[in-house]
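In what follows, a single structure is set out as structure tokens and then discussed.
What follows is calculated from the coordinates using simple rules that are stated; it is not laboratory data. Since the model is a prediction, treat every value here as computed from it, not as a measurement. Every residue, glycine among them, receives a Cβ derived from its backbone with ideal geometry; neighbour counts consider all protein chains shown.
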Amino acid sequence: MARAVTSQRKALNTVVAWSIGLLIFFPILWTILTSFKSEAEAIANPPVFMFFDWTLENYSVVLERSNYMRFLTNSVIIAGGSTLLGVLIAVPAAWSMAFVPSRRTKDILLWMLSTKMLPAVGVLYPIYLLCIRLGVLDNRAALVVILMLINLPIIVWMLYTYFREIPGEILEAARMDGATLKDEILYVLTPMAIPGIASTLLLNFILAWNEAFWTLNLTSVDAAPLTAFIASYSSPEGLFFAKLSAASTMAIAPILILGWFSQKQLVRGLTFGAVK
Amino acid sequence: MATQHSRSAARIMMAPAVFLLLVWMLVPLCMTLWFSFRNYLPLRGGDLGFAGFNNFTRFVSSSAFWPSVLTTLIIVGGVLLISIVFGVLLAILLDKPMWGQGIVRILVIAPFFVMPTVSALVWKNMFMDPVNGVLAHLWRFFGADPLVWLQDASVFSIILIVSWQWLPFATLILLTAIQSLDSEQLEAAEIDGATPLARFFFISLPHLSRAITIVVLIQTIFVLAVFAEIFVTTGGAFGTRTLTYLIYQRVLESQNIGLGSAGGVYAIILANIVAIFLMRIVGKNLDN
């Protein structure tokens with residue numbers, strides 16, 4: 001028994017929701033617009049919204065000036081590497097917890113979650129010192145490992161909740177038909193697990209891309225990703241709103257697009273399956 | 001149906017993840033604990049011996065401690081208040097029939113995917129700049145004097161920036177929870193003559209209580225650890241030094257490792273208190 005919704009009501013909902021949505025989105029929209037302005041127009045009083053001379057100059061200046069490609073490469077390597085490595089380690093763990101649960105499975109899962117709750121600042125110096133002693137301060141491989149460890153609990157949890165949805169009867173049926181363990185994993189489980197693994201990769205790539213405690217504190221030049229690149233704009237020299245906007249747009253655009261595909265996984269991944 | 005064989009295979013498959021996390025947790029934790037009892041100043045003589053509980057008492061009795069605790073509580077409380085109140089309202093609104101629902105959802109969730117350093121710098125410069133910021137233009141348009149946001153309303157500004165990032169998260173979680181609410185229950189109440197307000201307080205809100213609790217706990221843990229938003233805006237000045245930031249300054253800026261580590265131990269204890277409640281809810285959910 002669905003309620004009849006008057007189109008008047010629906011129109012009102014639409015107007016209110018769109019206004020609020022645009023208000024929340026406005027800082028991002030404004031940044032994107034400003035990135036196409038000249039520096040003079042970026043600080044024009046009163047501000048210009050759409051009607052200005054659109055230019056790509058800021059993008060070329062940012063690309064030339066600050067080794068943007070190196071920061072971008074570092075971000076891709078650190079976020080991508082840590083996510084891939086994490087999934088590689090987490091898949092067997094999550095698989096065994098989902099299909100061969102024991103009395104301790106729940107405790108292990110909760111313990112893993114508790115390591116995620118450890119405040120980073122509490123272990124800042126030990127990690128910093130270990131990096132110096134091992135000669136890996138400002139090193140991409142070290143950040144790959146550290147971000148992998150930070151996200152590993154979320155990766156295990158997400159994979160676990162996905163794997164648990166795969167019906168166990170299918171495995172039994174495969175076994176009855178004479179499938180070996182290898183066949184089981186290759187031909188039965190993998191095809192069913194791929195969507196879950198893809199979602200996990202996506203969300204954790206985003207989380208690692210945006211991580212801004214360890215990447216700021218453990219890098220200076222060689223391994224600095226986009227988070228550090230943007231932070232270097234915090235001490236301005238002269239006119240820079242338009243260039244800041246161009247740099248920001250380039251840093252967030254790829255992730256915004258990926259993020260739009262991962263809304264559902266976000267709920268599952270960050271509430272540890274507690275909200276469905 | 002697990003055999004002895006598959007059990008031991010399972011143990012081997014779990015081992016790498018468990019071992020790595022165990023090392024990742026225990027080694028730094030033990031080091032922090034060790035340093036917190038040492039008089040350790042790398043730039044001024046190195047490890048100067050056992051300090052007893054000196055670091056713990058000095059960290060708490062320094063003039064910066066209580067203000068930083070207060071700032072932390074105000075920021076966490078402010079962000080929670082804004083994201084829960086507006087999150088519930090927004091979630092209810094977004095659940096209603098409208099045109100372009102999918103696009104509005106995308107607009108609302110977008111800030112969560114913005115890198116913290118980007119959102120902090122964009123707000124600091126393009127919105128809160130007292131001369132050229134959008135807010136300054138807005139203030140002048142209404143004939144008011146523009147605020148120097150990050151000085152005169154510094155803590156509020158930080159709350160605003162962090163809330164902008166976390167309101168989308170709260171909205172998304174609460175929207176997911178609302179969509180699981182049985183609409184027939186609401187219709188029955190409406191037929192029985194319940195007002196919209198009564199329906200909200202006696203049906204929708206109780207249904208959301210678990211999701212709200214989870215949002216509160218998760219956001220508390222993440223907002224307690226807010227760093228980049230302060231690092232690139234005020235650098236801890238103008239009363240925005242949180243407990244996290246104070247520890248960071250003790251460790252990396254003044255290189256007083258003993259003192260900073262004692263602060264770290266306090267932060268770990270604080271986060272654990274919150275984490276226990278979160279784990280209880282998550283754990284209960286695992287059982288069914």
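Given an 8 Å cut-off on Cα distances and at least 6 residues of separation, report the relative contact order of chain B as a percent. Please list the in-between numbers first.
On the way: 303 pairs, mean separation 82.6, N = 288.
With pairs under 8 Å counted, the relative contact order is 29 percent.
Taking amide H positions as placed in the peptide plane 1.01 Å from N, state which residues far from B:Asp47 in sequence (5 or more) or on other chains have amide H under 5 Å from it.
Amide H neighbours of B:Asp47: B:Leu41.
Starting from the Cα of B:Ile106, step 7 Å along the direction of its Cβ; do the same at B:Ser63; then give the gap between the two resulting points in nm.
Taking the simple label geometry, B:Ile106 and B:Ser63 are separated by 5.4 nm.
Only helical DSSP H runs with n ≥ 4 go in: add -39500 (n - 2.57) per run for chain B, normalise by residue count and round the 222 nm mean residue ellipticity to 500 deg cm²/dmol. If you can, show how the numbers build up before the last one.
Numbers: 14 runs with 200 residues, N = 288.
Helices in chain B give a 222 nm mean residue ellipticity of -22500 deg cm²/dmol.
Let a ≥ b ≥ c be the square roots of the eigenvalues of the Cα gyration tensor of chain B; is it rounded (a/c under 1.5), or, if not, prolate (a/b larger than b/c) or oblate?
Details: a/c = 2.29, a/b = 1.20, b/c = 1.91.
Because a/c hits 1.5 or more and a/b fails to exceed b/c, chain B counts as oblate.
For a quick check of your reading of the filter: which chymotrypsin sites (Phe, Trp or Tyr not before Pro) in the range A:5-57 sit in a DSSP loop and have no more than 13 other Cβ atoms within 10 Å?
Details: sites: A:Trp18, A:Phe25, A:Trp30, A:Phe36, A:Phe49, A:Phe51, A:Phe52, A:Trp54; in loops: A:Phe36, A:Phe49, A:Phe51, A:Phe52, A:Trp54.
The qualifying sites are A:Phe49, A:Phe51, A:Trp54.
Dipole of the range A:10-118, Cα-centred, from +1 at each Lys and Arg C-beta and -1 at each Asp and Glu C-beta, to the nearest 20 debye? Display every interim value, and only then the final one.
Numbers: 8 positive and 6 negative charges, 169 e Å.
Computed charge dipole of the range A:10-118: roughly 800 debye.
With θ set to phi - 60°, apply the Karplus curve 6.51 cos²θ - 1.76 cosθ + 1.60 along the range B:114-119 and write out the HN-Hα couplings as whole Hz, x wherever there is a Gly or Pro.
With coefficients 6.51, -1.76 and 1.60, one gets 7, 3, x, 5, 5, 5 Hz.
May I ask you to compute the full-extension gain from A:Asp183 to A:Asp138, defined as 0.36 nm times their residue separation minus their alpha-carbon distance, rounded to one decimal in nm?
Values: separation 45, 0.36 × 45 = 16.20 nm, distance 4.35 nm.
Extra length available between A:Asp183 and A:Asp138 comes to 11.9 nm.
Can you list which of the trypsin sites (Lys or Arg not before Pro) found in the range A:28-108 are DSSP loop residues with at most 16 other C-beta atoms within 10 Å? Don't skip to the answer; put the middle values down first.
On the way: sites: A:Lys37, A:Arg65, A:Arg70, A:Arg103, A:Arg104, A:Lys106; in loops: A:Lys37, A:Arg103, A:Arg104.
Hits after loop and neighbour filter: A:Arg103, A:Arg104.
Would you please give the FRET efficiency between B:Ser209 and A:Lys264, computed as 1/(1 + (r/R0)^6) with r the Cβ-Cβ distance and R0 = 25 Å, to the nearest 0.05? It would help to have the intermediate numbers written out before the result.
Working: r = 22 Å, r/R0 = 0.90.
It comes out at approximately 0.65.
Can you pull the one-decimal nm distance between simple spin-label points at B:Gln4 and A:Ala44, each 7 Å off the Cα toward Cβ?
8.1 nm
Would you calculate a helix-derived [θ] at 222 nm for chain A, using -39,500 (n - 2.57) for each DSSP H run of n ≥ 4 and dividing by the full residue count, to the nearest 500? Intermediate values should be presented prior to the final figure.
Numbers: 13 runs with 188 residues, N = 276.
My calculation for chain A gives -22000 deg cm²/dmol from helical runs alone.
Which distance in nm do the two modelled labels at A:Arg70 and B:Leu43 give, with both placed 7 Å along the Cα-to-Cβ direction?
If labels sit at A:Arg70 and B:Leu43, their model points lie 2.5 nm apart.
I need the phi-derived Karplus couplings for the range B:97-111: 6.51 cos²θ - 1.76 cosθ + 1.60, θ = phi - 60°, integer Hz, Gly and Pro marked x.
Ordered by residue, 3J(HN,Hα) equals x, 7, 8, x, 4, x, 5, 4, 4, 5, 4, 6, 7, 3, x Hz.
For the modelled label position 7 Å from the Cα of A:Leu12 along Cα-to-Cβ, which residues of the range B:165-190 have backbone nitrogen atoms closer than 19 Å?
Answer for this model: B:187, B:190.
In whole Hz, what ³J(HN,Hα) sequence does the range A:204-214 give by Karplus (6.51, -1.76, 1.60; θ = phi - 60°), x for Gly and Pro?
With the stated coefficients, the range A:204-214 comes to 6, 4, 5, 4, 5, 4, 8, 4, 10, 9, 5 Hz.
How large is the dipole of the range B:23-287 about the Cα centre if only Lys and Arg carry +1 and Asp and Glu carry -1, each at its Cβ, rounded to the nearest 20 debye?
Values: 13 positive and 13 negative charges, 162 e Å.
Value, rounded to 20: 780 debye.
Fewest first, what order do A:Asp183, A:Asp222 take by the number of other Cβ atoms within 10 Å?
On the way: A:Asp183 14, A:Asp222 11.
Ranked by crowding around the Cβ, least crowded first: A:Asp222, A:Asp183.
Among the listed pairs A:Lys106/A:Lys264; A:Lys243/A:Lys264; A:Lys116/B:Lys284; A:Lys264/B:Lys124; A:Lys10/A:Lys264; A:Lys106/B:Lys96, which are separated by more than 27 Å between their Cα atoms?
Values: A:Lys106/A:Lys264 24 Å; A:Lys243/A:Lys264 34 Å; A:Lys116/B:Lys284 19 Å; A:Lys264/B:Lys124 31 Å; A:Lys10/A:Lys264 25 Å; A:Lys106/B:Lys96 38 Å.
Violating the 27 Å Cα-Cα cut-off are A:Lys243/A:Lys264; A:Lys264/B:Lys124; A:Lys106/B:Lys96.
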